[in-house]
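Following: one structure in structure tokens, then a few remarks.
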Amino acid sequence: MTHAVTPFPDGFLWGASTAAHQIEGNNTNSDWWRKEIAGAVKEPSLDACDSYHRWREDMDLLAGLGFTDYRFSIEWARIEPAPGHFSRAELAHYRRMVEGAVERGLRPMVTLHHFTVPQWFEDRGGWTANGAVELFERYVRATAPVIAEDVRHVCTINEPNMISVIAGLAKSGEHGFPPAGLPTPDEDTTKAVIAAHHAARAAVKEINPGIQVGWSVANQVYQALPGAEDVTAAYRHGREDVFIEAARGDDWIGVQSYTRTRIGTDGPIPAPADAERTLTQWEYYPAAVGHALRHTAEIVGDVPLVVTENGIAAADDARRVDYYTGALHEVARAIEDGLDVRGYLAWSALDNYEWGSYEPTFGLIAVDPETFERTPKPSAHWLGGIGRSRELPRAAG
Ligand code: NOJ
């Protein structure tokens, strides 16, 4: 059973997302590589999906499956291996990817920064050191050969709120990827990444005023239990809303959501014991994206919304189809209610390196860790097919 006509408007972005460090492999000049090799996380990324060499195969598959859009990131640590030295070869590499996407009928959305920074940037103090924002801006200007043509959407910084939370966590001596954005964010990092976004937005517009610039914010879908409304609002403010507010005046804002976080009067409370959990241990909650879209719209005002990530880490691919079915109906309902949603990009195209571990498999496409052979899962055919048929299957049950 399907709706006869898709609720998704013309020009709607329909695709999948990835990030350089999670799929390329051997991102040896990055801060994460160093942390991984030092043993700070469960396992290192090493070759990842070898997409640095196999990006053509990735794009062939995505286009063949029915997707029209591909969000990928370009790697600062490769493009600027030493301060002020920009690699022409790496810029040419990413330019080939942009052209390769367009040749295959995939519109590229290019993320300029997706969690990883060059080691030298980290060594000089990271985001809160003097001159950090200017250094990021210089890097963004240097990406002109990659993005000046054929790129309609640029995401400056992925999940700035998670960057701030990770920095807060590091101050307390812990490293790695925090659970659901809950620890206290670092305020100086928040200020720096917001300034970096605004500087990058202006720099990209100078490169090509036609590029639609935005950034993508992680939404935890904070839900107040009775009596905990004020606690929840306070909790949400520094972890989410300040970053959404910083997108006012952007061309679009990216909405990324996976699960929900319930807040009681004493703070976050765990999911009910009988709740289904995904491989990341997050509560299975496909409705999250609808809440995230509505909350974002409420805070940001009149800025178009793009779902730049949404998905589930699951070994059983049938749960992925079920999750996407529920999520897409939420997106459709949001559009019917008048929200200006311009696209849906699933996380993720490939099973990839989930910041410390290969265990949580978010991919629509499986990757053999030894041969790197790619195998689209049934969910990939199903989701890609919606792009082709423009019909949204009815929710199960
Ligand atoms: C958000 C991040 O942008 C991405 O890198 C990560 O893999 C997914 N969430 C899943 O945790």
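Quick note: the coordinates plus some simple rules give every number you see, no bench work behind them. Only a predicted model underlies this, so the values are computations on that prediction, with no experimental measurement involved. Backbone-built Cβ (ideal geometry, glycine too); neighbour counts: all protein chains shown.
Observations on the structure shown:
- Gain in span if fully extended, ASP340 to LEU225, counting 0.36 nm per residue against the direct Cα distance: 38.5 nm
- Spin-label proximity, ASP60 to segment 72-105 - amide N less than 13 Å from point 7 Å beyond Cα toward beta carbon: 104
- Point-to-point label distance, SER87-ALA129, nm (Cα→Cβ direction, 7 Å offset): 2.0
- Alpha-carbon centroids, segment 326-397 and segment 119-165: separation in whole Å: 27
- Relative contact order (percent, whole number), the chain, Cα cutoff 8 Å, 6+ residue spacing: 20
- Between PHE372 and ARG333, the simple label model (points 7 Å from Cα in the Cβ direction) yields a spacing of 4.3 nm.
- Report summary: the helix-based calculation at 222 nm, which adds -39500 (n - 2.57) for every DSSP H run with n ≥ 4 and divides by the residues of the chain, gives -11500 deg cm²/dmol.
- Using the Cβ-Cβ distance between LYS171 and SER389 with R0 = 41 Å, the FRET efficiency computed as 1/(1 + (r/R0)^6) comes to roughly 0.25.
- Each listed q (0.08, 0.13 Å⁻¹) maps to a log10 I(q)/I(0) for the chain, found by the Debye formula over equal Cα scatterers with no solvent: -0.37, -1.10.
- Point-to-point label distance, ALA38-ASP188, nm (Cα→Cβ direction, 7 Å offset): 1.8
- A simple packing score, the average count of other Cβ atoms within 10 Å per residue, orders the peptides 147-154, 267-274, 171-178 as 147-154, 171-178, 267-274, with the highest score first.
- Near SER73, once Lys and Arg are set to +1 and Asp and Glu to -1 for all other residues with Cβ below 14 Å from its Cβ, the sum equals -4.
- For ALA224, nonlocal amide neighbours, meaning residues 5 or more places apart or on other chains whose placed amide H falls under 5 Å from its own, are ILE263.
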